[in-house]
């Protein structure tokens with residue numbers, strides 16, 4: 001009788017231990033799930049897929065070089081390691097790509113674009129050519145924070161800022177607002193030749209003597225595509241559009257140094273607020289959140305990748321990454337600017353007639 005009672009007790013203990021063991025296993029598995037459950041569906045989706053990076057500039061320009069260099073290394077940081085293809089889609093200073101991202105490119109995470117930051121500003125200004133809402137794109141990140149410059153060709157005779165602001169100067173242009181700001185706020189006489197598909201086309205126009213200078217040319221683009229022009233003094237670097245001076249340009253004045261009134265400072269501050277997103281990458285709206293998160297993480301991991309950094313150094317690319325969420329926050333803040341301030345800036349940058357025409361759309 002005693003032995004049977006002992007055996008029954010042992011069986012009850014075993015029956016109690018087994019469920020407890022199963023519970024421990026379940027809890028342990030649950031604790032392990034978050035990383036797996038995030039990576040699993042994303043990895044499954046991207047495996048065997050192709051990620052297409054649409055570049056909003058012509059081949060050989062700064063945006064193109066940054067875009068292609070990141071595209072070379074980003075696949076290994078995306079779960080599932082998709083193949084990556086780059087397609088140039090230049091036009092309207094990046095508006096072509098931004099419009100396509102918003103309207104027609106796949107919204108499943110297989111298409112991203114990189115284009116000039118000015119495109120986002122045109123959306124916020126209400127430019128009808130910007131057929132997208134900047135705050136609704138899923139911003140992936142930016143490779144660097146940049147300094148934009150106004151420069152002239154060495155034979156132009158325009159070798160000082162005073163001459164640049166007081167004489168008629170013909171500029172090649174794909175982005176109009178820096179030159180227009182200088183004309184409107186400070187009485188410059190800058191004439192713009194528009195219609196160039198991308199920055200590299202303007203560089204060639206400078207060499208051929210078609211134009212005398214260029215504004216909205218980033219320092220990172222200059223040193224990555226035409227560093228010899230700095231070395232050989234082929235261009236005069238006259239003015240910086242940035243919140244603070246670039247370390248390598250201590251003697252080049254900031255555009256904010258020209259401001260004399262509160263309105264001028266307000267217009268310049270609003271213009272310079274987008275400098276942080278110098279080389280932005282974005283995905284269409286409605287991309288599933290877990291894929292957007294994976295792309296954002298892959299972007300930052302790529303920027304930190306020693307192989308990418310070595311390639312960037314070899315091409316003299318400046319790297320100072322900005323997260324996609326930071327860009328999202330910057331644009332959300334800019335979008336809260338009072339409409340009357342936006343309208344004033346539009347009048348200054350585009351001219352009252354062009355600005356008024358936007359209100360009709």
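No value in this document is a laboratory result; all are computed from the given coordinates. Because the structure is predicted, anything quoted here is derived from the model rather than measured. All Cβ positions, even for glycine, are placed from backbone atoms using ideal geometry, and neighbour counts span all protein chains on display.
Taken over the C-alpha atoms, the chain has Rg and Dmax values of 26.5, 115 angstrom.
The Cα atoms of segment 228-313 define a convex hull whose projected area, averaged across directions, is 9.0 nm².
In degrees, nearest 10, range 0 to 90: what is the angle between the Cα axis of helix 177-186 and the longest Cα principal axis of the chain? Result, in degrees: 50. Put in order of Cβ neighbour count within 10 Å, fewest first, the listed residues 340, 108 become 340, 108. This ranking places 189, 260 by how few other beta-carbon atoms lie within 10 Å of each, fewest first, which gives 260, 189.
Of interest is the spacing of the C-alpha centroids, which for segment 255-280 and segment 106-183 amounts to 13 Å. Against the chain, whose longest principal axis is taken from its Cα atoms, helix 339-350 shows a tilt of about 50°.
Taking Cα atoms only, the orientation of helix 62-74 departs from the longest principal axis of the chain by about 10 degrees. Computed over segment 72-231, the convex hull of the alpha-carbon atoms projects to a mean area of 11.1 nm².
Each stretch of four or more DSSP H residues adds -39500 (n - 2.57); spread over every residue of the chain, this sum gives -15500 deg cm²/dmol at 222 nm. Beyond 18 Å, the tail of the calculated P(r) for segment 148-272 holds 48 percent of the Cα pairs.
Using a simple spin-label model with pseudo-atoms 7 Å out from Cα toward Cβ, residue 289 and residue 325 lie 1.2 nm apart. From the Kirkwood radius over Cα pairs of segment 250-361, Stokes-Einstein at 20 °C and 1.002 mPa s returns a whole-number translational diffusion coefficient of 124 µm²/s. From least to most packed, judged by other beta carbons within 10 angstrom and beginning with the fewest, 176, 78, 230 follow the order 230, 176, 78.
Spin-label pair residue 311-residue 232: with each label point 7 Å from Cα along the Cα-Cβ axis, the two points sit 2.8 nm from one another.
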